[in-house]
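Structure record follows, encoded as structure tokens.
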Amino acid sequence: MFRPGELKTALAASWALFRGDTSAVSAFDVSMSGFWRSFLAIVALLPLYFINVHSEKKLLLSDGQIPAESFSEDFFWLTQFLSLGIDWILFPLILGFLARPLGLSGGYVRFIVLRNWTSILCSLPFVLAALLHLAGFLNQGGVLMISLLTVGAVLHFRYRLARIAFGAPASVCIGLVALDFLLSLLIGVLVIRA
């Protein structure tokens with residue numbers, strides 16, 4: 001599991017990076033051991049993801065997209081968590097293959113470590129919106145608005161992380177962030193349709 005203080009350090013450093021403090025990169029373990037340990041961030045993400053998925057389920061059932069009698073609870077939860085697992089490992093694998101030809105291998109480990117650990121911070125606004133929705137304080141439009149704003153902020157943050165990790169031109173970093181985002185969307189659609 002997590003080393004003592006590891007999660008707290010990762011969250012504090014993620015927040016510092018989000019605020020623009022690039023020196024916070026030094027708080028992350030960017031060794032190969034740190035690379036593999038960063039994938040444990042999914043353990044902290046799982047309960048947050050569970051809340052988001054509950055809200056998504058409520059949205060699906062409340063707006064009539066899926067009639068309640070034909071809704072498969074088991075299938076829904078399976079596809080949601082399968083999507084998360086595939087998404088968590090597929091982008092790092094694809095980027096691992098692309099890093100050398102794109103001249104990015106020097107920053108690959110650093111970027112994946114930053115991406116993994118900062119995912120916890122990036123999920124928090126989504127979770128807040130989900131909690132407000134589940135409690136009845138936020139309607140579907142409110143959830144959508146917060147989600148769209150958060151996606152924009154997360155994409156910009158990921159772009160900044162790519163610039164820090166790779167020192168690559170803006171166009172390359174935009175392409176990597178777009179690839180990560182589009183891959184996540186594609187995985188979600190394909191797993192649900194499977």
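The values are calculated or read from the model by the stated rules, or taken from the named source; none is laboratory data. What you see is a predicted model; the values in this text were computed from it and never measured. Here the Cβ positions follow ideal geometry from the backbone for every residue, glycine too, while neighbour counts run over all protein chains shown. All accessible areas refer to the heavy atoms of the entire protein, side chains included, with ligands and DNA or RNA removed. Shrake-Rupley method; radii C 1.70, N 1.55, O 1.52, S 1.80 Å.
General observations
- Cα long-axis angle, helix 6-18 against the chain (0 to 90 degrees, to the nearest 10): 80
- Euclidean distance of C-alpha centroids, the stretch 1-72 and the stretch 141-194, integer Å: 14
- Of all accessible heavy-atom area on the chain, the percent that carbon and sulfur account for (1.4 Å): 71
- Cβ-derived FRET efficiency at R0 25 Å, W15 paired with A135, nearest 0.05: 0.50
- In this calculation the C-beta distance from F71 to L98 is compared with R0 = 45 Å, giving a FRET efficiency of 0.70.
- For the chain, the longest principal axis of the C-alpha atoms and the axis of helix 170-193 are separated by about 30°.
- Estimated FRET transfer efficiency when R0 is 45 angstrom, pair L60-M1 (beta carbons, to 0.05): 0.85
- Å² of accessible area per residue within the chain, as computed with a 1.4 Å probe and no ligands counted: 53
- The accessible area of D29, taken with all protein chains in place and a 1.4 Å probe, comes to roughly 60 Å².
- The angle between the Cα long axis of helix 140-166 and the main principal axis of the chain comes to about 10°, on a 0 to 90 degree scale.
- Net charge in the neighbourhood of W15 (other residues with Cβ under 13 Å of its Cβ; Lys, Arg +1, Asp, Glu -1) is +1.
- Rounded to the nearest 20 debye, dipole of the stretch 1-160 from Cβ charges on Lys, Arg, Asp, Glu: 660
- Global geometry of the chain, whether rounded, prolate or oblate, following the gyration tensor of its Cα atoms and the 1.5 cut on a/c: prolate
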